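Participant: Okay, here's the structure, questions in a sec.
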Amino acid sequence: MARYHIETYGCTSNRGESRQIESALRDAGHYRVDGPEQADVAILNTCTVVEKTERNMLRRAKELESETADLIVTGCMALAQGEEFRDEAVDAQILHWDDVPTAVTNGECPTPGPGVEPVLDGVVGILPIARGCMSDCSYCITKQATGKIESPSVEENVEKARALVHAGAKELRITGQDTGVYGWDEGERKLHRLLDRICTEIDGEFRVRVGMANPKGVHGIREELAEVFARHDELYDFLHAPVQSGSDDVLGDMRRQHQVSEYLEVVEAFDDALDYWTLSTDFIVGFPTETDEDHAQSMALLRETRPEKINVTRFSKRPGTDAAEIKGLGGQTKKDRSKAMSELKMDVVGDAYAAMVGETKPDCLVVEEGTGDSVKCRDSAYRQIIVRNATEHGLEPGDFVDLEVTGQNTVYAFGTPV
Ligand code: SF4
């Protein structure tokens, strides 16, 4: 759980992006503080309209950099002119709006509020299936608040899912610190059984997105889980399995409980079962014990598995954790490794979205309104497709639509109804 400070500049659409960032941060258990000095991380949501604004943004980024532990720069100027911040040697992560919440999370699992009560937000139903995890990662502060996993029964979660769908949810988001260990406290991992029953027993047209599942928990049920994904169209073919490092030595120091080979076996099981799916993973760059060779192994793993969604987090210490006691790497080393991996990430993800151009994606779900007159849609593999001129196409959240992919912008695609 991090304390964050956020500043937003520019138009109403940029303020809307900040609201979405804050909503995701709140859902993940982070909280806002007054001023960058009290914050673990400051977020600068930038605007770029005229030259004077750009100078102001650069000046403000430098001020924030000196006032807070970590700085994230997002928004229009970050996306269009991110190199200006680098040229001015601003020590910040330059990110797309959608990537900010994960970067703030610093490699820890999300904390879905104080309990496991479902929430309906537009056409999105958020269903926390359990609270807590089975791990004890050395860098994690979330664990101190959430403790060991306690899993409600499958029946209870199916009923909550049914209530969300009946209340209007078209996208069910299955969340938890670690969805892959759901049921482990009762002696049996049963995420696959829960998903099967949700898809089989609940009437209605809806999609299900499964939230973060650590490789260790998924590994023991990888074949059963991949088979359930292949059998049900309701499930987005999307797996978020954060590997965090390509080095078993670093994974050991992180106390992650999985090894690289187990992560690879999970990916292999999904590759065998599904033709078109999205692998999402996370890397922590610059963990205190990470050597050059360890970093090279992480880069090699990213090249080998080519995930379509990648979160790169530059390690920062959370007070009270064991990792905070280890002498850290120099800031420049962390910065260089983070830059190298972020550039590789953009190549890998950009290739995945470029390969979609010209294809038709059936039954995409319109999930929410975007900026201007656009809507954000998700295809069967949870890839994001933006449709502009939504009013003209008569599209609104909750609709299903076949889309032809007409272009891409590295981390999302553009489409038009067919
Ligand atoms: S799995 Fe690790 S990072 Fe996630 S909540 Fe548990 S201890 Fe923290």
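The values are calculated or read from the model by the stated rules, or taken from the named source; none is laboratory data. A quick note: this is a predicted structure, and the numbers were derived from the prediction, not measured. Note that we place each Cβ from the backbone using ideal geometry, even for glycine, and neighbour counts take in every protein chain shown. When the accessible area is computed, the model is the full protein with side chains, heavy atoms only, and any ligands, DNA or RNA have been set aside. Shrake-Rupley method; radii C 1.70, N 1.55, O 1.52, S 1.80 Å.
Participant: Are there cysteines in the chain with no other Cys C-beta under 4.7 Å, and if so, which?
Facilitator: Cys11, Cys47, Cys76, Cys109, Cys133, Cys199
Participant: Could you calculate the contour length gain from Ala80 to Ser23, that is, 0.36 nm times the residue separation minus the distance between their Cα atoms, to one decimal place in nm?
Facilitator: Length gained between Ala80 and Ser23: 18.1 nm.
Participant: Under the definition of Cα pairs under 8 Å and six or more residues apart, what whole-number percent is the relative contact order of the range 106-354? Let's see the in-between values first.
Facilitator: On the way: 473 pairs, mean separation 44.1, N = 249.
Rounded, it is 18 percent for the range 106-354.
Participant: Give me the base-10 log of I(q)/I(0) for the range 3-103 at each q in 0.11, 0.25 Å⁻¹, Debye formula, one uniform scatterer per Cα, rounded to two decimals.
Facilitator: Once normalised to I(0) and log-transformed, intensities are -0.28, -1.47.
Participant: From the P(r) of the chain, can you give the percent of Cα pairs sitting at distances over 34 Å? It would help to have the intermediate numbers written out before the result.
Facilitator: Numbers: 23560 of 87153 pairs.
Cα-Cα pairs in the chain separated by more than 34 Å: 27 percent.
Participant: Normalised by the residues of the chain, what does the relative contact order come to in percent, with Cα pairs under 8 Å and at least six apart? Don't skip to the end; give the middle numbers.
Facilitator: Values: 874 pairs, mean separation 45.9, N = 418.
After rounding, I find 11 percent.
Participant: Now for a different question. Normalised by the empirical 2.2 N^0.38 Å for globular proteins, what value does the Cα Rg of the range 240-318 take?
Facilitator: On the way: Rg = 12.5 Å, N = 79, 2.2 N^0.38 = 11.6 Å.
My calculation over the Cα atoms of the range 240-318 gives 1.08.
Participant: How would Glu268, Glu262, Glu392, Glu171 rank on accessible area, largest to smallest, probe 1.4 Å?
Facilitator: Ranked from most to least accessible, the order is Glu392, Glu268, Glu262, Glu171.
Participant: Structure shown: which of Lys216/Lys334; Lys170/Lys339; Lys148/Lys334; Lys216/Lys376; Lys143/Lys309 lie over 29 Å apart, alpha-carbon to alpha-carbon?
Facilitator: Long pairs (Cα-Cα over 29 Å): Lys170/Lys339; Lys148/Lys334; Lys216/Lys376.
Participant: Explain nothing, just compute: Karplus ³J(HN,Hα) = 6.51 cos²θ - 1.76 cosθ + 1.60, θ = phi - 60°, for every residue of the range 204-209 in order, whole Hz, x for Gly and Pro.
Facilitator: The phi angles translate into x, 9, 8, 10, 10, 10 Hz.
Participant: Still on this structure: Quick check: pseudo-label points 7 Å beyond the Cα along Cα→Cβ at Asp351 and Glu325, how many nm apart are they?
Facilitator: 4.2 nm
Participant: Continuing with the same structure: His166 to Arg15: FRET efficiency via 1/(1 + (r/R0)^6), r the Cβ-Cβ distance, R0 25 Å, to the nearest 0.05?
Facilitator: That gives a FRET efficiency of 0.15.
Participant: Nearest-5 percent of antiparallel DSSP beta bridges in the chain?
Facilitator: Antiparallel bridges make up about 35 percent of those DSSP assigns within the chain.
Participant: How big is the range 58-216 on each of its three principal axes, counting only the C-alpha atoms and giving the largest first in Å?
Facilitator: Each principal axis gives a Cα extent; for the range 58-216 these are 56, 36, 25 Å.
Participant: Give the long-range amide H neighbours of Gly125: residues separated by 5 or more places, or on another chain, with amide H under 5 Å away, using H modelled in the peptide plane at 1.01 Å from N.
Facilitator: Amide H to amide H, under 5 Å and 5 or more residues apart or across chains, Gly125 pairs with Lys170, Glu171, Leu172, Arg173.
Participant: Also: Say we join alpha carbon atoms closer than 10 Å with springs in a Gaussian network model of the chain; which of Gly168, Gly132, Gly75 then has the biggest fluctuation?
Facilitator: Answer for the Gaussian network model of the chain: Gly168.
Participant: Now, a different point. Can you tell me the FRET efficiency between Tyr276 and Asp363 if r is taken as the Cβ-Cβ distance and R0 is 22 Å, rounded to the nearest 0.05?
Facilitator: Efficiency at R0 = 22 Å is approximately 0.95.
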